[in-house]
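To start, the structure itself, in structure tokens.
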Amino acid sequence: WWQAEGNFLGLEHLPNLLATNARSHSIYDVLGFLGTYHKWFYRPVFLLWMGAQEVVWGNNPVLFHASSVLLHGIVVALAAILSVRISGRWLSAYWCAVIFLFWNCKDNAIFWIASSSTLLAAVFSLLSIHFWIYLRVGKRRWYYALCLLTFALALCSKTEAVFTPLAIVSLEVF
């Protein structure tokens, strides 16, 4: 999809940046990707994810879909672990994970390759919540740094991750 006529994301140089030797580029080339030339959405983590996949296995749609299914599996696992940490019940966490795994409400994020930004944002948002819980239990400051880092990665994946702090506040209040 990088070679499509009139690349709609305006990222014509990204495959060259990812495919060539990283030592041949300066840090300004890589940081320039985080700039403001994105046309509609600012999703650098998602774009780097897609570009890295193309570099690794080319334009093979089966592997792109497999990575989306893998991301969905990671989201389900993180949601199940979070359910156990909140409720303390393994059986309810198991059923929550099974229902979440097969619920077809957000299946576009799994089956539509260009919508895997939702899955990336979910992975990083759930990791952020996990690190917050570890911070509350363990009282180690580096959990706070990891919580902020994963939240920033979630925001750079998809803007809907802005609601992650609301989920953390609801955990604290309720």
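Values for this structure:
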| item | result |
| --- | --- |
| Subset of region 73-117 (residues that are under 21 Å from Glu172 (Cβ atoms) and touching a residue at least 60 places away in the same chain (Cβ under 8 Å)) | Ile86 |
| Qualifying residue in region 58-81 (condition: open to solvent by 90 Å² or more (accessible area, probe 1.4 Å) and part of a helix (DSSP H, G or I)) | yes |
| Top-ranked residue in region 155-174 [being in contact (Cβ under 8 Å) with a residue 40 or more places away in the chain and either among the hydrophobic types (A, V, I, L, M, F, W, C) or part of a helix (DSSP H, G or I) (or both); ranked as least open to solvent (accessible area, probe 1.4 Å)] | Ala161 |
| Scope region 82-94; condition surrounded by 18 or more Cβ atoms within 10 Å (Cβ to Cβ) and closer than 16 Å to Ala167 by Cα; matching residues | Leu82, Ser83 |
| Leading residue by the ranking (farthest from the chain's Cα centre (by Cα)) among those in region 119-153 that are crowded, with 21+ Cβ neighbours inside 10 Å and over 13 Å from Thr164 (Cα atoms) | Leu119 |
| Members of region 38-72 that are touching a residue at least 24 places away in the same chain (Cβ under 8 Å) and of a type in the set (Val, Ile, Thr) | Val45, Val55, Val69 |
| From Thr150, Thr118, residue being at pLDDT 95 or above, among the polar types (S, T, N, Q) and on the phi < 0 side of the Ramachandran plot | Thr150 |
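The values are calculated or read from the model by the stated rules, or taken from the named source; none is laboratory data. Please read all numbers here as calculations on a predicted model, not as lab measurements. In this analysis, Cβ positions are derived from the backbone assuming ideal geometry, glycine residues included, and neighbour counts consider all displayed protein chains. For accessibility, only protein heavy atoms count, side chains too; no ligands or nucleic acids. Shrake-Rupley method; radii C 1.70, N 1.55, O 1.52, S 1.80 Å.
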